[in-house]
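Okay, so here's the structure we're looking at.
The values are calculated or read from the model by the stated rules, or taken from the named source; none is laboratory data. Note that the coordinates shown come from a computational prediction; the quantities given were computed from them, not determined experimentally. Cβ coordinates were reconstructed from backbone atoms using ideal geometry, including for glycine residues, and neighbour counts include every protein chain displayed.
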Ligand SMILES: [Zn+2]
């Protein structure tokens, strides 16, 4: 049985920022879908690989860069069952709320960036809980609940190779960039849950980590977990410090950007920095941290 294959969705016309993964046993699964705006690239790559049937379309969570094309691919591959967290499932059936929630972040740019989202009939969907096994025949994918980036998020462990598809649980590290950036969007980002999920991934001892953004990590599993943890804590420190002198998104973003450029990403060539920014932007990440700190403060005051 073969190793999984990475398919580059070429999201936003950029190489190596958003992948999908083809896993083949007796049946075939596609893990992640990319957004609908670039679904033709994924379908083209599947056709080129001679895939005329998908049994499973598996999404780590329902953000548009991970599941935006799920409905479109479900139409193209009518045998496929769509595997998703129970919290995400209703939003794939009726994507209106998902679309309007993303509009709060991306404004007028929604159609260009994401290309819409096709609904999925409820009978096509299988909800997946922590520890559930997706049987591909001679090979399986095990769901590992990994909240934090989103409250509904699964990583998937390939029984054949020990590779874990980590979705956004680890943050992002686009192809050719040997650095992590956290992925901390509002409204659900939870720092403590994200850190716990990374520990959970590490304890399972996968042989390798494949990020949706993008592909196998440049460093080993322990080192990747350590780096992803460090960068989450580092950002938390920067945001908290900037926030204490004014809880203003623009100012905090500018301050974090300066700190990150100095300490982490300063050495990145300009086009790599742009690819990183298109994957998960400073502004979106800071907005997620601010919302997390606000919520945490309110909870502390209430208790
Ligand atoms: Zn996401």
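Among the residues of segment 169-191, those that are more than 11 Å from the chain's Cα centre (by Cα) and within 14 Å of the ligand (Cβ to nearest atom) comprise 181, 186, 187, 188, 189, 190.
Just one of (1) assigned to a helix (DSSP H, G or I); (2) under 27 Å from residue 297 (Cα atoms) fails for residue 247. It is (1).
Let's see how each residue does on (1) within 22 Å of residue 170 (Cα to Cα); (2) at pLDDT 95 or above:
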site: 220; (1), (2): yes, yes
site: 225; (1), (2): yes, yes
site: 230; (1), (2): yes, yes
site: 237; (1), (2): yes, yes
site: 240; (1), (2): yes, yes
site: 246; (1), (2): no, no
site: 258; (1), (2): no, no
site: 267; (1), (2): yes, no
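When residue 164 is tested against (1) without any contact (Cβ under 8 Å) to a residue 60 or more places away in the chain; (2) touching a helix residue (DSSP H, G or I) at 6+ places or on another chain (Cβ under 6 Å); (3) more than 13 Å from the ligand (Cβ to nearest atom), only condition (2) is not met. Would you check if residue 142 is at pLDDT 95 or above, within 15 Å of the ligand (Cβ to nearest atom) and surrounded by 14 or more Cβ atoms within 10 Å (Cβ to Cβ)? Spelling it out, it is not the case that residue 142 is at pLDDT 95 or above, within 15 Å of the ligand (Cβ to nearest atom) and surrounded by 14 or more Cβ atoms within 10 Å (Cβ to Cβ).
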